[in-house]
Ligand SMILES: Nc1ncnc2c1ncn2[C@@H]1O[C@H](COP(=O)(O)OP(=O)(O)OP(=O)(O)O)[C@@H](O)[C@H]1O
Ligand SMILES: [Mg+2]
């Protein structure tokens, strides 16, 4: 009973921290922070990271990790650009980004589940392969996205909010529900909690792990396409810390690195805390390097709380 | 005599250098309670896992109702009506009792939602509560994860789960290890009840009082082989201990 309350409390706590941050910045700079323009900025900065972090939430709940997301994102963006250059079809570009991401993710999953190689090593390897592959394909020079993608989806809005943000929000919402309410989600928790017990309970553990890593890869591929639309370039050297940002968001959001525990809702908050800090510090004129310091401290605190709860449980 | 409900012949299982089972036999007749006893490391748990589909033997034969079967997975053993309380309980600590109870056979909502894989948590909670209450397992909250339960409560959940699902056989690998006197008594009563409902029980235990109190027959494993079989009514404590330690040998392989 205790621990449920603690866990729930953790999401409430970080939600409170986020609310406090928003409030503080709005009070300190009412004219610039709490404007709809700035809030939209926040949302669209966070949107693409949200996709990566949602996939990462699933992976970490299985007691795994995916370091490859940034590389897969870039590789998928490059693949999509090449396809769009040759076919001229944006739709084929999107499909190829998603499928490329899925393929990398499935490769991760197969190596982790069947190869019994630690996820840390597998995904560190595929991070290197995908980033290196993207550099090989592009010769290290960023490719430009087709103009109708960058000026179309990249700028399009619904109800004043960027379409990209809507897409990311919708996918995140669906995956939040899937994790909390479906059999797929239940098996994800079960595997992270006790993989052997899940297997003896009749859960197809290997197949499920492959699907979870496949999902994370697919989301990274989609993120590659969306970031291509948003920034107009493949960004071959801009995504080497995406994995750390995503992991930080997931962990700040209360998901346990030991597996078995976590929510997408927490991850959403965990994505916004660093983004709000960065934006707020910019507006306040605080040197932006502070953001890294503060996020690092929050991250350590979040893991400390998790350890402490585990310790109490395992006594 | 009718064919045994479950029979194993010449089961061999090694873990690397360790030979856990070296040609073990096992027989279970319909509707009986068999105690499977043996020293620590004799291979009892390994045999139970193999006969529940959780591990695959290196060699040997298994038959259900006299028909040879190969259990490639837990599901295949389950569909033969076999359920197991594992020695380590095989519970997911972060899931609720109901989550564990229905692990691998979750109930889905009716209609479209169900086809999308949406869980029917209310129904699962209700049925778990019912089953636990029937077996006298007290749970303060249905929502709390299993990690917050006491060792005895966890054991209760694992026992209730296996007994509820079993159609033909329940393996219980030291189901009373974490239980107090009263709860142990309750599990023994439960075993009798299960047998009376027509489900055979294999009880693995180090407690000879319990074995004598509840079993119809005893099979003894030693160093990965069955070394003796007894009718409980006609066996003395000395015989049981002698068979386990190797002082007496009744049967070699066969
Ligand atoms: N997963 C495993 N990996 C390696 N060795 C194992 C494994 N499982 C069992 N063994 C070995 O196989 C032998 C038999 O183990 P098993 O657990 O079947 O014994 P047991 O009769 O159940 O003992 P206990 O009464 O202590 O529970 C032991 O020597 C054990 O070390
Ligand atoms: Mg054992």
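Here are the numbers for this structure:
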| quantity | calculated |
| --- | --- |
| Criterion (free of Cβ contacts under 8 Å to residues at least 40 places away in the same chain and buried (at least 23 other Cβ atoms within 10 Å of the Cβ)) met by exactly one of A:216, A:173, A:223, A:197 | A:197 |
| Residue match in region B:124-143 (condition: away from every other protein chain (no Cβ under 12 Å) and in a strand (DSSP E or B)) | no |
| Which listed residue is more than 14 Å from chain A (Cβ to nearest Cβ), more than 16 Å from ligand 1 (Cβ to nearest atom) and assigned to a loop (DSSP other than H, G, I, E, B), from B:93, B:4, B:57, B:68 | B:4 |
| Identity of the residue in region B:29-43, within 13 Å of ligand 2 (Cβ to nearest atom) and under 25 Å from residue B:197 (Cα atoms), that ends up nearest to the other protein chains (Cβ to nearest Cβ) | B:36 |
| Single condition residue A:311 does not satisfy, out of (1) more than 14 Å from chain B (Cβ to nearest Cβ); (2) free of Cβ contacts under 8 Å to residues at least 40 places away in the same chain; (3) surrounded by fewer than 17 Cβ atoms within 10 Å (Cβ to Cβ) | (1) |
| Any hit, region B:182-199, residues being within 16 Å of ligand 1 (Cβ to nearest atom) and not in a helix (DSSP H, G or I) | no |
| Qualifying position, being touching a strand residue (DSSP E or B) at 6+ places or on another chain (Cβ under 9 Å), at pLDDT 80 or above and part of a helix (DSSP H, G or I), among A:40, A:22, A:18 | A:40 |
| Selected residue (only one of B:163, B:170 is part of a helix (DSSP H, G or I) and more than 13 Å from chain A (Cβ to nearest Cβ)) | B:163 |
| Members of region B:1-28 that are within 16 Å of ligand 2 (Cβ to nearest atom) and either under 12 Å from residue B:225 (Cα atoms) or buried (at least 19 other Cβ atoms within 10 Å of the Cβ) (or both) | B:11, B:13, B:19, B:20, B:21, B:24, B:26 |
| Answer residue from region B:71-83, given it is more than 16 Å from ligand 1 (Cβ to nearest atom) and outside any loop (DSSP other than H, G, I, E, B) and is nearest to the other protein chains (Cβ to nearest Cβ) among those | B:75 |
| Some residue of region A:229-248 being buried (at least 21 other Cβ atoms within 10 Å of the Cβ) and under 18 Å from residue A:307 (Cα atoms) | yes |
| Filter result (within 15 Å of residue B:224 (Cα to Cα) and either in contact with a strand residue (DSSP E or B) (Cβ under 6 Å, 6 or more places away or on another chain) or part of a strand (DSSP E or B) (or both)) within region B:28-49 | B:36, B:37, B:38, B:42, B:43, B:44, B:45, B:46, B:47, B:48 |
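The values are calculated or read from the model by the stated rules, or taken from the named source; none is laboratory data. Quantities reported herein were computed from a predicted structural model and do not represent experimental measurements. Virtual Cβ from ideal backbone geometry, glycine too; neighbours counted across all protein chains shown.
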